[in-house]
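**Q** Quick one: this structure, given as structure tokens, is what I'll be asking you about.
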Amino acid sequence: MSEQRRLIIRGGRRIEGEIAVQGAKNSALPLLAAAVLCRGETELYNCPKLSDCDAACRILSALGCSCKREGSVVCIDASALRTSEISEKLMREMRSSIIFMGALLGRAGQCRLSFPGGCEIGSRPIDFHLDAFRKMGAKIREEHGYIVCTAQKLKGAKISFPVPSVGATENVMLAAVLAEGTTEIHNAAREPEICDLAEYLTRCGAKIKGAGTGTIHIEGVKRLSGCRYTVMPDRIAAATYLCCGAITRGEILLTQADLPSLGLVVPVLEQIGCSIYGFGNGSVYLNARKTLKAPSQIRTAPYPGFPTDAQPPMMALCATLPGTTMFAETVFENRYRHVSELTRLGAKIKVEGRVAVVEGVNRLSGAELEAGDLRGGAAMVTAALFAEGTTGIGHICYINRGYENIEGCLRSVGADIRTV
Ligand code: UD1
């Protein structure tokens, strides 16, 4: 059982070497759902081997699609879609399963699924998704813990989100590509994963303009074919490994990475004192063999702001730098669950509401920790690489949701890490 396995890390080793960055989880999941819209085969390359992707594949199979994985390639054929219902058990496996709602509405004009599960990093409501589908003509009701959506014919609509939501933007895109007429999404999320989804759908025949900006226009088409598509590199896994390199004052080369999508993570690492260079071949080099200092503040925000998903590993790094950093978490209200665990290692962090004040210390010492969510777990791994002695991390199933073979990747660059 993954619940009983623990990561054991002996800290204090400098990280030096090369890590090939996995495909992006947050891109692969909507792409797997998008394949439902296509009457033809999709070959998805660079699809990370993660429990969340496995969960998405199980949903595809349960819907009647053929879904096969060979290595990092997943082939999906949704021609024989059998049902538009997803069981509670499958929905509970991950929050992103809500993304199947837009895809099923678009393809079948109906869906029945339960409220999703996922990491508990905040209330994570789905009201933006449901309001948008209603605007597009869907009738939505709740029965016995299930959401039932029906639409005779989805119609394009003007949708404006109160705040940019990645999942809601993706869901509306999925519903809109086969809808009648034009959909405009205002205050759309601008994350690179939105562009990846738009690119895939466009290659399948969709008409989408403005992905990556605050306004997206989608003109419905009659039919989508499948295509061959390569999932973009995972910018959060990349950010995490850069933080791991920096916390050990090491040197790391990420291959199969995408520097521009790292956004504000790069200037923050530079401000800390690391050197970072990007190469045209998709490599990113970080050198932290220098005197580092804490950045004064980090405020998470929707892209192009500092990614909330990179906040926990960055906090672990800042906890070991001379100086004080003030973190402001503006995206999710409950994203400091790692703090109590980091303090067990000796970190000095005080949280008040959405603000965390981190006072850097020059020593952490190993302890027994429990991961409570995916990125919080990554923060614990990052901190453990610096901590003297041995750190054990439990509930690693959270970490495996988003990091493909984190143990092997870090061991290959010199970390003393193993699973027991
Ligand atoms: C996605 C990412 C997640 C990342 C997050 C923010 C995936 C699979 N997950 O999550 O890793 O941390 O973006 O970058 O891509 N909100 C509402 N109502 C809604 C929807 C969202 O109030 O119906 C709020 C949320 O509570 C949150 C904010 O909007 O405060 C942004 O959330 P959102 O962008 O939707 O996050 P996810 O798509 O769930």
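The values are calculated or read from the model by the stated rules, or taken from the named source; none is laboratory data. Note that the structure is a prediction, hence the values are computed from the model and not measured. Every residue, glycine among them, receives a Cβ derived from its backbone with ideal geometry; neighbour counts consider all protein chains shown. To get the accessible areas, we keep the full protein, side chains included, count just its heavy atoms, and leave off ligands, DNA and RNA. Shrake-Rupley method; radii C 1.70, N 1.55, O 1.52, S 1.80 Å.
**Q** Can you give me the angle between helix 51-62 and the longest principal axis of the chain, using Cα atoms only, in degrees from 0 to 90, rounded to the nearest 10?
**A** Result, in degrees: 20.
**Q** Under the 0.36 nm per residue contour assumption, what length would be gained going from the current alpha-carbon distance of Arg92 and Ser160 to full extension? The partial results should precede the final answer.
**A** On the way: separation 68, 0.36 × 68 = 24.48 nm, distance 2.82 nm.
Result for the pair: 21.7 nm of gain on full extension.
**Q** Still on this structure, I have one more. What pairs from Lys293/Lys350; Lys89/Lys158; Lys153/Lys222; Lys158/Lys209 go past 23 Å between their alpha carbons?
**A** Values: Lys293/Lys350 19 Å; Lys89/Lys158 34 Å; Lys153/Lys222 12 Å; Lys158/Lys209 14 Å.
The answer is Lys89/Lys158.
**Q** Starting from the eigenvalues of the Cα gyration tensor, five times each then square-rooted, give me the equivalent ellipsoid semi-axes of the stretch 1-139, largest first, whole Å. Don't jump to the answer; show the numbers that get you there.
**A** Values: eigenvalues 184, 77, 39 Å².
So the three semi-axes of the stretch 1-139 are 30, 20, 14 Å.
**Q** Counting only heavy atoms of protein chains, what accessible area per residue, in Å², does the chain have with a probe of 1.4 Å?
**A** Values: 16310 Å² over 420 residues.
Result: 39 Å² per residue.
**Q** Between 0 and 90 degrees, rounded to the nearest ten: what's the tilt of helix 166-176 against the longest Cα principal axis of the chain?
**A** Its long axis makes an angle of about 20 degrees.
**Q** With bins 5 Å wide starting at 0, give me the P(r) of the stretch 324-420 over every alpha carbon pair, in whole percents.
**A** So the P(r) values, bin by bin, are 3, 13, 23, 25, 18, 13, 5, 1.
**Q** Under the rule a/c < 1.5 gives rounded, and otherwise a/b versus b/c splits prolate from oblate, where does the stretch 326-380 land using the Cα gyration tensor? Display every interim value, and only then the final one.
**A** Numbers: a/c = 2.44, a/b = 1.26, b/c = 1.94.
Oblate.
**Q** Sticking with this structure for a sec: Net charge near Thr390: determine it from the other residues with C-beta under 10 Å of the C-beta of Thr390, scoring Lys and Arg +1 and Asp and Glu -1. Could the numbers behind the result be given before it?
**A** Values: positive: Arg10; negative: Glu368, Glu388, Asp416.
My count for the surroundings of Thr390 gives -2.
**Q** In the stretch 25-230, if every C-alpha pair distance is counted and binned at 10 Å from zero, what percent goes to each bin?
**A** In order of increasing distance, the bins hold 10, 40, 40, 10, 0 percent.
**Q** So, one more: Please compute the modelled spin-label separation between Ala80 and Ser275, points set 7 Å along Cα→Cβ, answer in nm with one decimal.
**A** Inter-label distance under the simple model: 5.8 nm.
**Q** Considering the Cα positions of the chain, please state its Rg to one decimal place and its Dmax as a whole number of Å.
**A** 21.2, 63
**Q** So, one more: Determine the share of the chain's accessible area contributed by carbon and sulfur atoms, expressed in whole percent, with a 1.4 angstrom probe.
**A** Working: 7800 of 16310 Å².
Answer for the chain is 48 percent, counting heavy atoms of protein chains only.
**Q** Pull out the extension gain between Lys139 and Val420, defined as 0.36 nm times the separation in residues minus the alpha carbon to alpha carbon distance; nm, one decimal. Provide the component values of the computation, followed by the final result.
**A** Working: separation 281, 0.36 × 281 = 101.16 nm, distance 4.95 nm.
Length gained between Lys139 and Val420: 96.2 nm.
**Q** Here is a further query. Normalised radius of gyration for the stretch 222-323, please: alpha carbon Rg relative to 2.2 N^0.38 Å, two decimal places.
**A** Numbers: Rg = 15.2 Å, N = 102, 2.2 N^0.38 = 12.8 Å.
So the stretch 222-323 has a normalised radius of gyration of 1.19.
**Q** While we're here: Helix 192-203: angle to the longest alpha-carbon principal axis of the chain, degrees 0 to 90, nearest 10?
**A** Taking the Cα atoms of the chain, the angle to 192-203 is about 30 degrees.
**Q** Based on the Cβ-Cβ distance of Lys290 and Arg69, what FRET efficiency does E = 1/(1 + (r/R0)^6) give at R0 = 56 Å, to the nearest 0.05?
**A** 0.85
**Q** Okay, next question. How do the peptides 192-201, 307-316, 5-14 rank, highest first, by the average count of neighbouring beta carbon atoms within 10 Å per residue?
**A** Details: 192-201: 24.3, 307-316: 27.2, 5-14: 18.9.
Top to bottom by mean Cβ count within 10 Å: 307-316, 192-201, 5-14.
**Q** What's the extension gain from Thr324 to Glu388 if we count 0.36 nm per residue and subtract their Cα-Cα distance? Show your work: numbers first, answer last.
**A** Details: separation 64, 0.36 × 64 = 23.04 nm, distance 2.16 nm.
Full extension of this stretch gives 20.9 nm more.
**Q** Within a Cβ distance under 12 Å of Met136, other residues only, what is the Lys/Arg minus Asp/Glu net charge?
**A** Values: positive: Arg134, Lys135, Lys139, Lys153, Lys155, Lys158; negative: Asp131, Glu180, Glu184.
Around Met136, the charge tally is +3.
**Q** Using a cut-off of 15 Å between beta-carbons, work out the net charge of the residues near Lys207 (Lys and Arg +1, Asp and Glu -1, Lys207 not included).
**A** Numbers: positive: Arg203, Lys209, Lys222, Arg223; negative: Glu180, Glu184, Glu199, Glu219.
Counting the neighbours of Lys207, the net charge comes to 0.
**Q** Measure out, as a whole number of angstrom, how far apart the alpha-carbon centroids of the stretch 149-182 and the stretch 241-314 sit.
**A** When both Cα centres are located, 34 Å separates them.
**Q** Another question about this same structure. Evaluate E = 1/(1 + (r/R0)^6) for Lys153 and Lys49, where r is the Cβ-Cβ distance and R0 equals 35 Å; express this FRET efficiency to the nearest 0.05. Write out the running numbers ahead of the final one.
**A** Values: r = 38 Å, r/R0 = 1.10.
So the FRET efficiency works out to roughly 0.35.
**Q** Right, next: Taking the chain as a Gaussian network, Cα atoms linked when under 10 Å apart, which of His144, His338, His217 shows the biggest mean-square fluctuation?
**A** His144
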